[in-house]
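To start, the structure under review is shown below, and the notes come after it.
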Protein chains: 4
Amino acid sequence: MAGWKFSNIKDGSMGEFFHVNDADMNLALLPDEIPLETAVMIPDMVTTGLHGAEMADIQLGATIAVIGIGPVGLMGVAGAKLRGAGRLIVVGSRPICVEAAKYYGATDVVNYRDGDIVEQIAKLTGGKGVDAVIIAGGKPEVVAQAVKITKPGGNISNINYHGEGEFLPIPRVEWGSGMAHKTVRGGLCPGGRLRMEMLIDLVKYNRLDPGKLVTHVFKGIEHAERALLLMKDKPRDLIKPVVLVE
Amino acid sequence: MAGWKFSNIKDGSMGEFFHVNDADMNLALLPDEIPLETAVMIPDMVTTGLHGAEMADIQLGATIAVIGIGPVGLMGVAGAKLRGAGRLIVVGSRPICVEAAKYYGATDVVNYRDGDIVEQIAKLTGGKGVDAVIIAGGKPEVVAQAVKITKPGGNISNINYHGEGEFLPIPRVEWGSGMAHKTVRGGLCPGGRLRMEMLIDLVKYNRLDPGKLVTHVFKGIEHAERALLLMKDKPRDLIKPVVLVE
Amino acid sequence: MAGWKFSNIKDGSMGEFFHVNDADMNLALLPDEIPLETAVMIPDMVTTGLHGAEMADIQLGATIAVIGIGPVGLMGVAGAKLRGAGRLIVVGSRPICVEAAKYYGATDVVNYRDGDIVEQIAKLTGGKGVDAVIIAGGKPEVVAQAVKITKPGGNISNINYHGEGEFLPIPRVEWGSGMAHKTVRGGLCPGGRLRMEMLIDLVKYNRLDPGKLVTHVFKGIEHAERALLLMKDKPRDLIKPVVLVE
Amino acid sequence: MAGWKFSNIKDGSMGEFFHVNDADMNLALLPDEIPLETAVMIPDMVTTGLHGAEMADIQLGATIAVIGIGPVGLMGVAGAKLRGAGRLIVVGSRPICVEAAKYYGATDVVNYRDGDIVEQIAKLTGGKGVDAVIIAGGKPEVVAQAVKITKPGGNISNINYHGEGEFLPIPRVEWGSGMAHKTVRGGLCPGGRLRMEMLIDLVKYNRLDPGKLVTHVFKGIEHAERALLLMKDKPRDLIKPVVLVE
């Protein structure tokens, strides 16, 4: 939770200098060749999205679905490709995100505006479903949808922060009445120096370019409000804005 | 599902001889020293209960809860001990099952008649909860209870056949809004020759005595109805009846 | 071992029709869009090389070495990239294989003709070594080299058939006198319908092109001898020959 | 390595008070009911021996061999039982250790003075070998013996400190020329507060009594030399001596 504390509880993270405890465990060296706006994706969008792929326990050639293709979901797509997914179905609708999803490895796109996504994915897969689902968006019922489209023995990996509802529903029948070996897990992304160094290497050795997520770059802290409003308004050309401070 | 087919679909399993496909994969040799009434527990109660412990991914010294201590739950208790659980809390009420649970390794007993089991287990563990839960009984809301009593990072392992309700509820807040790494899985027990040979060795080398489950033994197929009625009526002295046919 | 039997013991595999037992478990459908010379790589080079990456248990961004870049080693390189390796060091010398290794994801090339590979890799990694090694060639002492270049906690994954020597040596000191958690494993590649379908999907969805391995294609069984001689003589432009029979 | 530093590098560990860094991560509370001489086994013999069983990845009912039944090996035996081993073959000769091995769960005893242990274990298992081996003693060739008695697909887990020899030999033929999926691993035991608390629970809840290891208890630091000489001379009635200091 250390990362969360920096952005929510601990004072001074916007200061010129600030205190990092156990720096040897928490600070990684950024190579010069990685642009700052790309770098800032690594300890947040990248580690979260990739963790979705890790929890999905993807086997080489597996068919994977990613529900939600905002910045985190897009890194879930990239993570699924990086773990060796074969077919990679994404669920989303914003054109700029769909385009980015294809760039990061999506092979099929399902738009929830075209009908029930469970039925659409059943049709796409000849009724078989997928080996694993990464949930990166949606309301509580997205968990039910994910279980429904997963094959027996498959995994549902949640990296979506669920902010509403009392329960996330596992559909009884499609969970095989408890007998289908469909595993539901979810968790906060890992952090720390070693993790960051490994993710930096993915960027450095051209395995992953998180830069594609950054559609708007501002220079100067005075643009922070404008950037925040962008995230609220979500114009058509936005994935993620970054504010660089000298 | 092969085992399930024998008892539900395939004809002849009550005959003097019957057909087993891929016999080399499905038939194991029973050593003479294991009584028949003990043996008959192995491919059903034992493999199911132990699978609950396997899916719980128990670490040495972990604190485990088993909800439901019918025959399958009792083998879940035995399985948790066999995987190296430390503290082992069971939830149940029938005296003969509580006694058997202690025999198989339970260290603490919670009776749902004494109040909310979530609160009782919170009190027992000083508010920390348990490392894993094996669900071997209960209505759909047992899944919510299990998630509530599990520590972040822990496992919920379901071996209960859920026969009612549309959804099994994961409680949002106690699931860390999706961030708590609490894994929910559930599945049918494994079968096959190799599995049975390994379970037989557990009995043969005195690691496990499933015989304690068998409270009533009948000789002769003519007692089948009486045995079935016992399972329906559940007298105080019953755990599991067996009918032996010469 | 079923695959091995077809090429070594079972008669008829060169016939117009031949017998495959448990066909549902062993035969996969080849999509029209995959050329035959590419397809024939899948159940041999591809599954073996990728299994090397699987046994190496590669974490996202890990630094991996592949020793030996013949056709199997090249698929080990591809497999390491497919599992999410960051830096990827290969050991080899034949120019056409070095070029192919770069195509499949190698970031650094070490030539054993330039000196001791252990020292070269130590220098490349600032003395840290690599997270895992895939052994796809070499004499028995390659195991010692692999252990030496692996970090504590890392994996050595062998897919090389060792045909000579009484022992494969684990170097005592670099194995931490047994305390360094360096795991040595090795095994024959998995086969079967499900595996092949998943590997086919890797090709179908453009995650992997094994076609680059095939440098020579002959049409007609009468060219078999010429193809075999190519494998013996290893001309500069050879990686793998294929003979297609109508 | 923190534990090792306390006993080998860091000054003051014999003082009345001494410095422990990151105490919250490294100090666990000892319950009153565990005697001191039992407790002192936990962070050394117990965690090491049990780690041997953990690295062996024991499945329920598996057949396990433990080579070497000094104090660490005996905890390997206890660990194998705690993970659910079925048959449990130990290799040793000292009568007091053999007796303790049986107490901790051994089902069969092999004495290397009665002939080649590889042949003896082959005979005991009808030529099949064992599912995993824990190495807790022996010279470098013990690794070769362990590989030879392990089934394809099995694990060799080393917790023995190897102090001599340049190489530990993996026998090529019995390793399936690299194709047999026999995994060789070895490592230093884990430490830390959480681990210790879990091991303490094993003792507290009567899953394990390491007290049986302690054959000699001395009170007062002035007996340290006598205790050390015991470990050197190994009288017939010794497993482990403990010196308690008020």
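For this structure, a couple of remarks:
- Peptide C:180-190 shows a mean partner chain C-beta count of 6 within 10 Å per residue C-beta.
- Electrostatic tally near B:Thr47: other residues with Cβ closer than 14 Å to its Cβ, Lys and Arg +1, Asp and Glu -1, net -2.
- With helices as the sole contributors, chain C gives -9500 deg cm²/dmol at 222 nm; each DSSP H run of n ≥ 4 counts as -39500 (n - 2.57), and the sum is divided by every residue.
- Relative packing of D:196-204, C:62-70, which averages over residues the other C-beta atoms within 10 Å, highest first: C:62-70, D:196-204
- Alpha-carbon radius of gyration plus Dmax, which is the widest Cα pair, for region B:43-186 in Å: 13.5, 40
- Working ranking of peptides C:226-237, B:76-87, A:155-166 by packing, defined as the average number of other Cβ atoms within 10 Å per residue, highest first, is B:76-87, A:155-166, C:226-237.
- Sorted largest first, extent of the protein assembly as shown alpha carbons per principal axis (Å): 74, 68, 63
- Once both labels are positioned 7 Å from their Cα atoms along Cα-to-Cβ, the gap between C:Lys234 and B:Ser13 label points is 5.8 nm.
- Exercise: per-residue mean of other protein chain Cβ atoms within 10 Å, D:161-173: 6
- Using only side-chain charges placed at the Cβ, +1 for Lys and Arg and -1 for Asp and Glu, the dipole size of the protein assembly as shown relative to its Cα centre rounds to 0 debye.
- Computed over chain D, Cα set: Rg, Dmax in Å: 18.6, 57
- Cut-off under 5 Å, modelled amide H: who pairs with B:Val66 long-range: B:Ile89, B:Val90, B:Val91, B:Ile134
- The ranking of A:Ser177, C:Ser7 by Cβ neighbour count inside 10 Å, starting from the fewest, reads C:Ser7, A:Ser177.
- Relative contact order (percent, whole number), region B:156-231, Cα cutoff 8 Å, 6+ residue spacing: 27
- Counts of other chain beta carbons within 10 angstrom of each beta carbon in peptide A:146-154 average 1.
- Region A:177-231 and region C:199-226: distance between their alpha carbon centers, rounded to Å: 38
- Amide H contacts of B:Thr150: B:Val130, each under 5 Å away and 5 or more positions distant or on a separate chain (H built 1.01 Å from N in the peptide plane; Pro and chain starts excluded).
- Relative contact order (percent, whole number), chain C, Cα cutoff 8 Å, 6+ residue spacing: 21
- The relative contact order of region C:43-186, computed from alpha carbon pairs under 8 Å that lie at least 6 residues apart in sequence, is 23 percent.
- Proximal charge balance of D:Thr215 [Cβ under 12 Å; K/R count +1, D/E count -1]: +2
- For B:Ala56, the shell of other residues with beta-carbons less than 10 Å away shows a net charge of -1, using +1 for Lys and Arg and -1 for Asp and Glu.
- For the pair D:Arg226 and D:Glu33 in one chain, pulling the backbone fully straight at 0.36 nm per residue adds 66.7 nm over the alpha carbon distance.
- Euclidean distance between Cα centres, region B:1-65 to region B:74-129, Å: 25
Values quoted throughout were computed directly from the atomic coordinates according to the rules given, and no laboratory measurement underlies them. Source: prediction; values computed, not measured. Here Cβ is always computed from backbone atoms with ideal geometry, including for glycine, and neighbour counts include all displayed protein chains.
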